[in-house]
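Engineer: Encoded as structure tokens, here's the structure I'll be asking about.
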Amino acid sequence: MAITARTALWIALALLVMAVPSVASADDGTERDTLQERFAPKDGRFFVHGSATALVRDDFYHSIGYGGDLGYYFNERIGIELRVINLHSRLAHAGEKMREEHDFVPDLRAPDALATVGTRISWGYGKVLTLGQFVVHFDPQLTLHGGLMLAERRLVPTTTAGIGFLTHWQKGIQIKLDLQASVHFEQRTRGTIPAVGFLPVFSIGWSPGAGGDL
């Protein structure tokens, strides 16, 4: 009796299904590696992080800062975050030279503080073995924030967006790095001008009940 291609396919699938239980354990009875539960679940958990940052723009100011993030994850994928940053800004060498030689000051205002609210979207979860003994659990994330920047007593609308890398450690400790582009819409004599910059944020903090044994 001839065997059609469809019949051969069904036979192959049946053999595959019967073979699956046999690979769940080795010949000596020991269990093979299987999918495990998350080391650090985020669903329904708050987090608080302290942050350090630098605002890099193509202007006459150097800005570094510190602050904090407070947030909550609705599920394993989506969370909301409030970010507040205090910035210390000074004129760069070119700005100081312009002020000393020509008594000019930059048209842009010096950034003093930043407050934004936004979302964090985790698009994956994994772990990697480093140095042969440390297991790092991580979430790659997308970030999008909007808010206001205080610049010499002026409030400037601000948007930041980028990628994040959230790592999980024992006792709920979390370390994350955000690499964000920033856009600040400043009102100047010739109209509203967008100032584009780069805002990396390094944070260390805690999420209660989010980490177990490695």
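Engineer: If I go through segment 59-78 residue by residue, how many of them are part of a strand (DSSP E or B) and acidic (Asp, Glu)?
Structural biologist: Of the residues in segment 59-78, the ones part of a strand (DSSP E or B) are 61-73, 78.
When the remaining residues are screened for being acidic (Asp, Glu), the result is 69.
Residues in segment 59-78 being part of a strand (DSSP E or B) and acidic (Asp, Glu): 1 in total.
Engineer: Quick one: how many residues across segment 160-174 are on the phi < 0 side of the Ramachandran plot and touching a residue at least 40 places away in the same chain (Cβ under 8 Å)?
Structural biologist: Going through segment 160-174 one residue at a time, the tally reaches 7.
Engineer: Sticking with this structure for a sec: Residues being open to solvent by 30 Å² or more (accessible area, probe 1.4 Å) and within 17 Å of Leu177 (Cα to Cα): count how many of those fall in segment 56-66.
Structural biologist: The number of residues fulfilling the criteria is 3.
Engineer: Taking into account only those residues within segment 144-173 that are crowded, with 18+ Cβ neighbours inside 10 Å, farther than 18 Å from Arg45 by Cα and in contact with a Lys or Arg (Cβ under 7 Å, 6 or more places away or on another chain), which is modelled with the lowest pLDDT?
Structural biologist: That would be Ala151.
Engineer: Consider segment 56-92. How many of its residues are modelled with pLDDT under 95 and hydroxyl-bearing (Ser, Thr, Tyr)?
Structural biologist: Looking only at that region, the number is 3.
Engineer: Can you list residue pairs whose Cβ atoms sit under 9 Å apart, with the first residue in segment 175-195 being farther than 19 Å from Thr143 by Cα and touching a residue at least 60 places away in the same chain (Cβ under 8 Å) and the second being open to solvent by 80 Å² or more (accessible area, probe 1.4 Å) and among the aliphatic types (A, V, I, L, M)? Count only pairs 6 or more apart in sequence or on different chains.
Structural biologist: Final answer for the pair search is none.
Engineer: If you check Val196 against the conditions, is it surrounded by 15 or more Cβ atoms within 10 Å (Cβ to Cβ) and at negative phi?
Structural biologist: On the way: surrounded by 15 or more Cβ atoms within 10 Å (Cβ to Cβ): no; at negative phi: yes.
Against the criterion (surrounded by 15 or more Cβ atoms within 10 Å (Cβ to Cβ) and at negative phi), Val196 does not qualify.
Engineer: For residues that are touching a Ser or Thr at 6+ places or on another chain (Cβ under 6 Å) and of a type in the set (A, V, I, L, M), tally how many sit in segment 116-140.
Structural biologist: 1
Engineer: Quick check, is Arg83 touching an Asp or Glu at 6+ places or on another chain (Cβ under 9 Å), more than 12 Å from Leu114 (Cβ to Cβ) and in a strand (DSSP E or B)? Outline the logic, then answer.
Structural biologist: Values: touching an Asp or Glu at 6+ places or on another chain (Cβ under 9 Å): yes; more than 12 Å from Leu114 (Cβ to Cβ): no; in a strand (DSSP E or B): yes.
Taking the combined requirement at face value, the residue does not satisfy it.
Engineer: Among the numbered conditions (1) modelled with pLDDT of 90 or more; (2) over 23 Å from the mean Cα position of the chain (by Cα); (3) open to solvent by less than 10 Å² (accessible area, probe 1.4 Å); (4) not acidic (Asp, Glu), tell me where Gln180 comes up short.
Structural biologist: If we test Gln180 against (1) modelled with pLDDT of 90 or more; (2) over 23 Å from the mean Cα position of the chain (by Cα); (3) open to solvent by less than 10 Å² (accessible area, probe 1.4 Å); (4) not acidic (Asp, Glu), just (2) comes out false.
The values are calculated or read from the model by the stated rules, or taken from the named source; none is laboratory data. Given the structure is predicted, the values throughout are model-derived calculations rather than measurements. Please note: Cβ atoms are built from the backbone with ideal geometry, for glycine as well, and neighbour counts cover all protein chains shown. Accessible surface is based on the protein model in full, side chains and every heavy atom, while ligands, DNA and RNA are left aside. Shrake-Rupley method; radii C 1.70, N 1.55, O 1.52, S 1.80 Å.
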